1. Look through region 24-75, keep the residues that are touching a helix residue (DSSP H, G or I) at 6+ places or on another chain (Cβ under 7 Å), of a type in the set (A, V, I, L, M) and more than 25 Å from Thr123 (Cβ to Cβ), and return whichever of them is most open to solvent (accessible area, probe 1.4 Å).
2. Restricting to region 112-143, and then to whatever is surrounded by fewer than 17 Cβ atoms within 10 Å (Cβ to Cβ) and among the polar types (S, T, N, Q), can you tell me which residue is farthest from Val90 (Cα to Cα)?
3. Just the residues that are among the small types (Gly, Ala, Ser) and more than 25 Å from Lys146 (Cβ to Cβ), please, taken from region 8-36.
4. Within region 1-18, how many residues turn out to be in contact with a Gly (Cβ under 8 Å, 6 or more places away or on another chain) and surrounded by fewer than 18 Cβ atoms within 10 Å (Cβ to Cβ)?
5. Only one of these conditions is not met by Val21: (1) open to solvent by 50 Å² or more (accessible area, probe 1.4 Å); (2) assigned to a helix (DSSP H, G or I). Which number is it?
6. If I ask for residues that are among the aliphatic types (A, V, I, L, M), in a loop (DSSP other than H, G, I, E, B) and over 13 Å from Val21 (Cβ atoms), which ones from region 65-81 would you list?
7. Within region 1-18, can you find the residues that are more than 17 Å from Ser80 (Cα to Cα) and either within 13 Å of the chain's Cα centre (by Cα) or in a helix (DSSP H, G or I) (or both)?
8. Is there any pair linking a residue in region 51-69 that is among the hydroxyl-bearing types (Ser, Thr, Tyr) to one that is in a helix (DSSP H, G or I), with Cβ under 6 Å and at least six apart or on different chains, and which?
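The values are calculated or read from the model by the stated rules, or taken from the named source; none is laboratory data. No experiment lies behind these values; they were computed from the predicted model shown. With ideal geometry, Cβ positions are generated from the backbone for all residues, glycine too; neighbour counts draw on all protein chains shown. Note: areas computed on protein heavy atoms with side chains; ligands, DNA, RNA excluded. Shrake-Rupley method; radii C 1.70, N 1.55, O 1.52, S 1.80 Å.
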Amino acid sequence: MSDDEVTRLLQKAYQDEIETVMNYLSNSIVLDGVRAEEIKESLELDIDEELQHARMLGERLKQLDENVPGSEAFVATQGSLQPPEDTTDVLGVIDGVIEAEEDAIATYRDLIDAAEAADDPVTEDLAVTLLADEEAHRTEFRGFRKEYAQD
């Protein structure tokens, strides 16, 4: 059995990744306009990576003999990443992605600390790997944000 805080954070991260997949998929479908194409393509590429993150987190929970959350345990938290009513609001989606990535970064940093305290180097290593991916996503979307701020 794992440390309670490690389990809680693994389950939170798992659910966050699943929610991110859902929102990236929705936004990659609904955005309209020429300027939206690059954002849609980036979101589409990130869907597979975020799903892989969820898979890795679920596998780690299984290895620790802990519960992998199902849909009944799901609680949505990404209000800013919901598909926009104005389907040309690309900037709103970019800001939502940045916020979601910052939340993931904070969760993975907390998981690193909790895993270190629980003497769980495997979970710590996983969290470091996923943290690097999320920081790269945030950097990419900060770049998109800068482009939109110049207009």
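1. Applying the filter and picking the extreme gives Leu25.
2. Across region 112-143, the extreme among qualifying residues is Thr129.
3. We begin by selecting, within region 8-36, every residue among the small types (Gly, Ala, Ser); these are 13, 26, 28, 33, 36.
Across region 8-36, the qualifying residue is only Ala13.
4. To start, the set of residues in region 1-18 that are in contact with a Gly (Cβ under 8 Å, 6 or more places away or on another chain) comprises 14.
Filter once more, so that each one left must be surrounded by fewer than 18 Cβ atoms within 10 Å (Cβ to Cβ): none.
Qualifying residue count, region 1-18: 0.
5. (1)
6. So the first thing to find is which residues in region 65-81 are among the aliphatic types (A, V, I, L, M), and the list is 68, 73, 75-76, 81.
From what's left, in a loop (DSSP other than H, G, I, E, B): 68, 75-76.
If the condition is that a residue be among the aliphatic types (A, V, I, L, M), in a loop (DSSP other than H, G, I, E, B) and over 13 Å from Val21 (Cβ atoms), then Val68, Val75 are the ones that fit.
7. Taking region 1-18 and keeping what is more than 17 Å from Ser80 (Cα to Cα), we get 1-14.
Asp4, Glu5, Val6, Thr7, Arg8, Leu9, Leu10, Gln11, Lys12, Ala13, Tyr14, listed by residue number.
8. Taking only residues 6 or more apart or on different chains, not a single pair turns up.
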